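The values are calculated or read from the model by the stated rules, or taken from the named source; none is laboratory data. Fair warning: this is a prediction, and the values are worked out from it, not measured in the lab. Backbone-built Cβ (ideal geometry, glycine too); neighbour counts: all protein chains shown.
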Amino acid sequence: MATIETTPATVRVRLTPAEKLLGFLRDLEVPRSAITTVDAVPAGLAEVRGLRAPGLGVPGVRAVGTWRRRGEKTYVAVRRAQPAVRLHLTGQRFDTVLIGTDDAVELAARLRHGD
């Protein structure tokens with residue numbers, strides 16, 4: 001399961017070795033100044049939009065990888081029945097980050113308030 005670490009200057013997403021392999025992704029670190037909006041979503045898997053390219057998508061179970069749709073590239077690591085945090089970014093490799101985490105509401109609030 002992916003983990004999210006925050007510092008006053010950055011947000012870092014750490015993936016498990018399996019997530020890295022299956023999703024063709026690396027850990028991601030973005031400056032907090034690049035985050036334009038933060039949302040907590042009740043079901044992260046339901047929020048995945050676009051075409052998988054590359055990554056792993058098991059319908060109704062798991063999504064990890066890069067999802068693309070017109071004008072948007074999303075870094076995804078979510079699973080069934082788990083809330084998620086969605087970060088909209090500017091000036092980064094990915095436009096959106098969608099990461100499953102059990103404490104999505106608390107984490108989103110901390111990120112919004114700069115904690």
Filter pass, Gly91 being under 24 Å from Ala109 (Cα atoms) and at pLDDT 95 or above: yes
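Residues are listed down the side, and each one gets a yes or a no for (1) of a type in the set (Gly, Ala, Ser); (2) crowded, with 18+ Cβ neighbours inside 10 Å:
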site	(1), (2)
Gly55	yes, yes
Pro59	no, no
Val64	no, yes
Gly71	yes, no
Thr74	no, yes
Ala77	yes, yes
Arg86	no, yes
Leu89	no, yes
Arg93	no, no
Test: residue in region 47-67 that is closer than 16 Å to Val13 by Cα, modelled with pLDDT of 95 or more, touching a Phe, Trp or Tyr at 6+ places or on another chain (Cβ under 6 Å) and of a type in the set (A, V, I, L, M): no
All positions within region 15-38 that are surrounded by fewer than 17 Cβ atoms within 10 Å (Cβ to Cβ) and assigned to a strand (DSSP E or B): Glu29, Pro31, Thr36, Thr37
Residues of region 1-14 classified as surrounded by 13 or more Cβ atoms within 10 Å (Cβ to Cβ), of a type outside the set (A, V, I, L, M, F, W, C) and more than 17 Å from Arg80 (Cα to Cα), total: 4
Residue under evaluation Asp102, criteria (1) within 20 Å of Glu29 (Cβ to Cβ); (2) out of contact with any Leu (no Cβ under 9 Å at 6 or more places or on another chain); (3) not basic (Lys, Arg), criterion not met: (1)
Residues that are outside any strand (DSSP E or B) and either of a type in the set (Lys, Arg) or closer than 11 Å to Arg80 by Cα (or both), drawn from region 48-66: Arg49, Pro59, Gly60, Val61
Candidates Ala81, Ala109, Ala77, filtered to the one that is in a helix (DSSP H, G or I) and either small (Gly, Ala, Ser) or at positive phi (or both): Ala109
Meets criteria (without any contact (Cβ under 8 Å) to a residue 60 or more places away in the chain and either buried (at least 20 other Cβ atoms within 10 Å of the Cβ) or assigned to a loop (DSSP other than H, G, I, E, B) (or both)) for Val97: no
Count - residues of region 84-102 that are closer than 18 Å to Thr16 by Cα and either more than 13 Å from the chain's Cα centre (by Cα) or not small (Gly, Ala, Ser) (or both): 6
